[in-house]
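The values are calculated or read from the model by the stated rules, or taken from the named source; none is laboratory data. These numbers were taken from a predicted model, which means no experiment stands behind them. Please note: Cβ atoms are built from the backbone with ideal geometry, for glycine as well, and neighbour counts cover all protein chains shown. Just the protein is used for accessible areas: all its heavy atoms, side chains included, with ligands, DNA and RNA removed. Shrake-Rupley method; radii C 1.70, N 1.55, O 1.52, S 1.80 Å.
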Amino acid sequence: MKILRTLLSVGLAAAIMLTACAPLAEAPEKPAPTKPVEAPQEPGAGISEFSGKDAYITNPQADPQAVKAAAAANNAFALALYRQLADNEGDLFYSPYSIYTALMMAYAGASGETAKQMKQALAITAADSEAHAAQNALNHTLINNSLFSGKPAFSFNVANQLWGQKDFTFNEQFLNTLSANYGAGLKTVDFSDSENARELINLWVAAQTNDKIKDLIPTGVLNALTRLVITNAVYFKAAWMNQFETGDTAQGSFTLADGSQVEVPMMHAQRSMQAFVGEGLEAVELPYEGGMYSMLLISPAQGSLAKFEKTFDAEQLNAILGALNTASVTLSLPKFKLESSFSLSGAMKTLGMSDAFSPGIADFSGMESTRSLYISDMLHKAYVDVNEEGTEAAAATAIAVGMTSMPAESYTINFDHPFIFLIRDIQTNTILFIGRMADPR
């Protein structure tokens, strides 16, 4: 296993493909767009870029309660999606934040029953304009929380990009909403040369994720009827506030779901941590440099993870977080690295937004006036590498000094069987990444 200089690096991306279909027999009347989003192609480049008239709002003025509601909506979606994906066996890792952001951009172009279904699936409670502004404010809050004394405590980058068919007309208001709230411009490509378009998109994703996510879109997904691809990429790289000593790492037993055991490298630490040990459940929270982000590890009793996953929701998560207390913990945690890649179309239909994937029924007339688009596929790919390496920083030292007395509790917590892990922003409680470690080999 390749050892990284920092403790954790995460790269992921999501893409939504919209394809043209025959328009409905009686399409609803829509105002014609003010102008097409099209420009002369740069010689030899085969690609041009546009943005809406509205510049990216870098200091969004959103009601704090609206931002709190946006974070809650993200989490409700995150755990509803987890319950859908948890039926798949083995390891699992994805970014609900990346997926949610990509869907919010698609939602900006939805109308009618399609928009209603998406709004419910995304747990949106605000009016459309307020929802997009709040999502922008939440994104800026997350970025600001990755800073310490005005400087980056770790790497956290979010990027959005639209890829549209050249000569195809998109509604200006749709582009304005995305440029203002998501910083997403439109690159024009020719999907009739689908392989070239695929390579361009995949190269962009790789560049945004430090080459951790490659080939997000496989061959055969794009074709001459593709009109728009919405992409989001997130990259996160951080060190623990308190690193694991490499000399303490040793081979240890990990019990798989079927009861068999495998030998894997286990990291060890003994120190004060935020932890909880209750009947049938153990949890520990490990902060990253800067003290504003953490990894929460949740370990149901051996053999009970599948049952726990079926009811794991925001209320249960908040109950676990509320039960954490400062304790002296003897911790064992496997080193692990995993990748996940899957289509989300089926899961999103199950969550209630089936119209968006149905040709002739989908209503994305907010994107273009003919109502001819539907989501043909939705792909997600993620990568995570967890090990003992890390760099102590001023933020880590300042926060660690807060302990002035010995903890009252003492726990021994061994993550030696399948467990759930998630990375969250502590202030807003936004879940950025969530996964299940079933086999650390």
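Table: residues versus (1) open to solvent by 50 Å² or more (accessible area, probe 1.4 Å); (2) over 21 Å from the mean Cα position of the chain (by Cα).
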| position | (1), (2) |
| --- | --- |
| GLU282 | no, yes |
| LEU286 | no, no |
| LEU296 | no, no |
| ALA306 | yes, yes |
| ALA327 | no, yes |
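Are any residues in segment 219-235 touching a residue at least 60 places away in the same chain (Cβ under 8 Å) and open to solvent by 20 Å² or more (accessible area, probe 1.4 Å), and if so, which ones? VAL221, ASN223, LEU225, ARG227 - these are the residues of segment 219-235 that are touching a residue at least 60 places away in the same chain (Cβ under 8 Å) and open to solvent by 20 Å² or more (accessible area, probe 1.4 Å).
Scanning segment 190-218 for residues that are under 17 Å from ALA159 (Cα atoms), part of a helix (DSSP H, G or I), of a type outside the set (Gly, Ala, Ser) and free of Cβ contacts under 8 Å to residues at least 24 places away in the same chain returns ASN202, LEU203. Selection of first residues in segment 91-110 that are farther than 19 Å from SER340 by Cα and of second residues that are open to solvent by 10 Å² or more (accessible area, probe 1.4 Å) and not in a loop (DSSP other than H, G, I, E, B), restricted to Cβ pairs under 6 Å at least 6 apart or on distinct chains, gives the following pairs, ordered by first then second residue: MET105/TYR182; ALA108/THR177. Collect the residues in segment 47-68 that are open to solvent by less than 40 Å² (accessible area, probe 1.4 Å) and either modelled with pLDDT of 90 or more or among the small types (Gly, Ala, Ser) (or both), keeping them in residue-number order. The answer is SER48, GLY52, ALA62, ALA66, VAL67. On inspection, PHE93 does not qualify as under 15 Å from the mean Cα position of the chain (by Cα), at pLDDT 90 or above and either open to solvent by less than 10 Å² (accessible area, probe 1.4 Å) or closer than 29 Å to PHE254 by Cβ (or both). Inside segment 275-292, residues that are of a type outside the set (Val, Ile, Thr), under 19 Å from ASP416 (Cβ atoms) and touching a residue at least 40 places away in the same chain (Cβ under 8 Å) make up a count of 6. On inspection, ILE57 qualifies as touching a residue at least 60 places away in the same chain (Cβ under 8 Å) and among the β-branched types (Val, Ile, Thr). Does ALA257 qualify as being in a loop (DSSP other than H, G, I, E, B) and among the aliphatic types (A, V, I, L, M)? Yes: the conditions hold for ALA257. Out of ALA184, ALA238, one residue alone is under 30 Å from LEU305 (Cα atoms), open to solvent by less than 30 Å² (accessible area, probe 1.4 Å) and aliphatic (A, V, I, L, M). It is ALA238.
Scanning segment 293-304 for residues that are of a type in the set (A, V, I, L, M, F, W, C) and modelled with pLDDT under 90 turns up just one, ALA301. Please work out if LEU178 is farther than 19 Å from SER376 by Cα, in contact with a helix residue (DSSP H, G or I) (Cβ under 9 Å, 6 or more places away or on another chain) and not β-branched (Val, Ile, Thr). The answer is yes for LEU178. Residues in segment 399-419 include at least one that is open to solvent by 60 Å² or more (accessible area, probe 1.4 Å), part of a helix (DSSP H, G or I) and modelled with pLDDT under 80. Taken over segment 250-280, the criterion of being more than 13 Å from ALA438 (Cα to Cα) and buried (at least 21 other Cβ atoms within 10 Å of the Cβ) is satisfied by MET266, MET267, MET273, ALA275, PHE276. In this entry, LEU122 is excluded by the filter for residues that are under 16 Å from MET378 (Cα atoms), open to solvent by less than 10 Å² (accessible area, probe 1.4 Å) and in contact (Cβ under 8 Å) with a residue 60 or more places away in the chain. Inspect all residues belonging to segment 318-326 and state whether any of them is touching a Pro at 6+ places or on another chain (Cβ under 6 Å) and under 19 Å from MET273 (Cα atoms). Among the residues of segment 318-326, at least one is touching a Pro at 6+ places or on another chain (Cβ under 6 Å) and under 19 Å from MET273 (Cα atoms), which makes the answer yes. Selection of segment 253-274 for residues being more than 17 Å from HIS417 (Cβ to Cβ) and in contact with a Leu (Cβ under 9 Å, 6 or more places away or on another chain) yields ALA269, GLN270, ARG271, MET273, GLN274.
Modelled with pLDDT of 90 or more and small (Gly, Ala, Ser): does that describe ALA86? It is false that ALA86 is modelled with pLDDT of 90 or more and small (Gly, Ala, Ser).
Note on segment 141-172: among residues that are over 30 Å from ALA224 (Cβ atoms) and touching a helix residue (DSSP H, G or I) at 6+ places or on another chain (Cβ under 9 Å), the one that is most open to solvent (accessible area, probe 1.4 Å) is SER149.
Among the candidates ALA323, ALA362, the residue that is open to solvent by 10 Å² or more (accessible area, probe 1.4 Å), of a type in the set (A, V, I, L, M) and over 23 Å from the mean Cα position of the chain (by Cα) is uniquely ALA323. When SER129 is tested against (1) crowded, with 21+ Cβ neighbours inside 10 Å; (2) of a type outside the set (A, V, I, L, M); (3) over 22 Å from PHE421 (Cβ atoms), exactly one condition is not met: (1).
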